[in-house]
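None of the figures in this text is laboratory data; all of them are computed from the coordinates on show. Given the structure is predicted, the values throughout are model-derived calculations rather than measurements. For neighbour counting, all protein chains shown are included, and Cβ atoms are generated from backbone atoms with ideal geometry for every residue, glycine included.
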Amino acid sequence: DVKVTQSSRYLVKRTGEKVFLECVQDMDHENMFWYRQDPGLGLRLIYFSYDVKMKEKGDIPEGYSVSREKKERFSLILESASTNQTSMYLCASSPPRAHLYFGPGTRLLVL
Amino acid sequence: GEDVEQSLFLSVREGDSSVINCTYTDSSSTYLYWYKQEPGAGLQLLTYIFSNMDMKQDQRLTVLLNKKDKHLSLRIADTQTGDSAIYFCAESPNTGTASKLTFGTGTRLQVTL
């Protein structure tokens, strides 16, 4: 069965902390994505990666960075967390030109 | 850039049909998708339609595509309380190798008894 897992379901951090969100997929997919979901705004793409060590900015990359050292793992990094980064973060993976498989999400609260 | 719009909320009675609508702007879209998000969970693919089709039926689900008006709809027949969720439409552009979907804002479907 297809599986995308995220390291935490809920996370509480303080303003200014460095935050790591981890995502792992077991389907050998080339593409991996990080979205954030906010009420009334839907899903917005932060970064995506189409291969190991490759990354491209999405629509809202400011304040975030990513790392993909292995094919199965895609990390989202908040260099210095701010309260406006409180959100639900969704990781997804896909083969080329196919639909996305999503993880369960990480709900992040920045105080 | 691409834009996908949906109404935010829909309430229906159990047993009635639900129709969730979506408009998009990218005329080069190849696939259009419907995803379902249950409370506290990630998104699951519900169904999809290729852009050269105008209708697709899958059990209680019917997808209609009007390419001329760039309008997509999802009809759920005999709506049940288990259908209560947020429904997202998404389009897939016909460029590149990454499946870089553009999502709508999501429609929250509430099913009442």
Once Lys and Arg get +1 and Asp and Glu get -1 on their Cβ, which of A:Tyr35, A:Leu76, A:Tyr10 lies farthest toward the positive end of the dipole of chain A? A:Tyr10
Please return the longest range in chain B lying between exposed loop sites, taking trypsin sites (Lys or Arg not before Pro), DSSP loop only, at most 15 other beta-carbon atoms within 10 Å, and leaving the sites out. B:1-59
Go through B:Gly42, B:His71, B:Ala90 and say which Cα lies farthest out towards the positive end of the charge dipole of the protein assembly as shown; charges sit on Cβ, +1 for Lys and Arg, -1 for Asp and Glu. B:Gly42
Geometric extent, Cα atoms of chain B - Rg, Dmax (angstrom): 13.6, 46
With +1 on the Cβ of every Lys and Arg and -1 on the Cβ of every Asp and Glu, the dipole magnitude of segment B:10-57 about its Cα centre, in debye rounded to the nearest 20, is 60 debye
Once you compute Rg and the Kirkwood Rh from C-alpha atoms, what is the Rg to Rh ratio for segment B:2-48? 1.00
Can you give the local net charge around A:Ile60? Use residues other than it whose beta-carbon is closer than 12 angstrom to its beta-carbon, Lys and Arg +1, Asp and Glu -1. 0
So if I take the centroid of the Cα atoms in segment B:40-104 and the same for segment A:42-62, what is the distance between those two points in Å? 23 Å
GNM top mover of A:Gly58, A:Gly40, A:Gly16 - chain A, alpha-carbon springs below 10 Å: A:Gly40
Checking B:Leu43, B:Leu32, B:Leu74 against a Gaussian network model of chain B (alpha-carbon springs below 10 Å), the top fluctuating residue turns out to be B:Leu43
Among trypsin sites (Lys or Arg not before Pro) in segment A:5-59, those in a DSSP loop whose Cβ has at most 12 other Cβ atoms within 10 Å are A:Arg9, A:Arg14, A:Lys18, A:Lys53
Rounded to the nearest 20 Debye, what is the dipole magnitude of the protein assembly as shown about its Cα centre when Lys and Arg each give +1 and Asp and Glu each give -1 at the C-beta? 360 debye
Starting from the 7 Å offset along Cα-to-Cβ, what nm value, one decimal, do you get for the label separation of A:Arg14 and B:Leu8? 3.4 nm
Kirkwood-based Rg to Rh ratio, the protein assembly as shown, C-alpha trace: 0.97
Cut-off 17 Å, label 7 Å out along Cα→Cβ of B:Lys68, residues of segment B:2-33 by amide N: B:24, B:27
Using Cα-only point scatterers and the Debye equation, what is log10 of I(q)/I(0) for chain A at each q in 0.17, 0.20, 0.22 Å⁻¹, rounded to two decimals? -0.73, -1.02, -1.23
Roughly what would the spin-label model give for A:Asp59 and B:Gln44, points 7 Å off Cα along C-beta, in nm? 2.5 nm
